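Okay, structure first, notes after.
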Amino acid sequence: MKSLKFLGIIGLLAILGTVFAAAFFFGGFFNVAASEDDPDIVNSALEHVRTASIARHAVDKPAASLDDPALVQAGAKSFSERGCVHCHGGPGVEWSKFSEGLNPGPPDLKDVVDDLLPQELFWVIKNGIKMTGMPSFGKIEVPDQEIWTMVAFLKKLPMVSEADYKAWTAAPAKP
């Protein structure tokens with residue numbers, strides 16, 4: 001009889017918690033403004049969910065070695081032309097001012113690429129990440145091979161010089 005009463009109290013608390021959460025979120029009390037920082041518990045939960053999701057879903061493997069210099073250079077060009085540099089910056093290139101208004105802010109990729117496997121980088125570029133401003137390049141039909149070139153570039157990013165990046169991304173000389 002005591003366990004039945006205990007379970008009833010737990011059930012009541014669960015119902016009250018659900019009603020409170022629904023009233024809080026659907027009642028507009030949670031501030032969704034990008035100009036306001038999220039509470040630490042929200043940031044922590046989102047980071048954990050993002051990391052676990054990427055690890056679970058990132059299964060594609062590169063078809064070729066990502067160390068090929070031509071692949072890295074092609075990836076630098078795609079990184080620049082597809083607009084990645086606007087949010088993430090690049091060697092010798094500052095990110096665009098608007099990216100400072102994103103919440104969460106875009107990571108400085110040279111600081112995080114060593115922590116991610118190539119298949120994880122591929123998955124993020126191809127699928128994007130909800131509620132971060134990171135778009136899905138797969139959704140706009142960027143070919144997988146081009147995405148792999150970006151991965152090759154990103155894996156070398158911490159070692160890419162400003163001069164190399166500028167040469168790799170420069171427009172071809174007109175005859």
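Contact map, the range 12-36: residues that are within 30 Å of Glu100 (Cα to Cα) and open to solvent by less than 90 Å² (accessible area, probe 1.4 Å) paired with residues that are assigned to a loop (DSSP other than H, G, I, E, B) and among the β-branched types (Val, Ile, Thr), Cβ distance under 8 Å, separation 6+ or inter-chain. No pairs are found.
Candidates in the range 127-136 are the residues that are touching a residue at least 60 places away in the same chain (Cβ under 8 Å) and not β-branched (Val, Ile, Thr); of these, the one that is least open to solvent (accessible area, probe 1.4 Å) is Asn127. Exactly one condition in (1) over 26 Å from Met131 (Cα atoms); (2) open to solvent by less than 60 Å² (accessible area, probe 1.4 Å); (3) modelled with pLDDT of 95 or more is not met by Gln73; state its number. The single condition Gln73 does not satisfy is (2).
From the list Lys110, Lys166, Lys174, Lys139, exactly one residue is open to solvent by 70 Å² or more (accessible area, probe 1.4 Å), free of Cβ contacts under 8 Å to residues at least 24 places away in the same chain and either over 25 Å from Val49 (Cβ atoms) or not in a loop (DSSP other than H, G, I, E, B) (or both). Which is it? Full working, then the answer.
Values: Lys110 fails: free of Cβ contacts under 8 Å to residues at least 24 places away in the same chain; Lys166 fails: free of Cβ contacts under 8 Å to residues at least 24 places away in the same chain; Lys139 fails: either over 25 Å from Val49 (Cβ atoms) or not in a loop (DSSP other than H, G, I, E, B) (or both).
None of the other options fit; the residue is Lys174.
Yes/no per residue for (1) at pLDDT 95 or above; (2) within 26 Å of Val151 (Cβ to Cβ); (3) among the small types (Gly, Ala, Ser):
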position	(1), (2), (3)
Ala21	no, no, yes
Phe25	no, no, no
Ala33	no, no, yes
Asp38	no, no, no
Ala63	no, yes, yes
Leu66	no, yes, no
Phe79	yes, yes, no
Leu121	yes, yes, no
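Residues of the range 10-64 that are in a loop (DSSP other than H, G, I, E, B) and over 23 Å from the mean Cα position of the chain (by Cα): Gly27, Gly28, Phe29, Phe30, Ala64.
The values are calculated or read from the model by the stated rules, or taken from the named source; none is laboratory data. Quick caveat, the model's predicted, so the values are computed rather than measured. We place every Cβ from the backbone using ideal geometry, glycine too, and count neighbours over all the protein chains shown. Side chains are part of the model used for accessible areas, which takes the heavy atoms of the whole protein and leaves out ligands, DNA and RNA. Shrake-Rupley method; radii C 1.70, N 1.55, O 1.52, S 1.80 Å.
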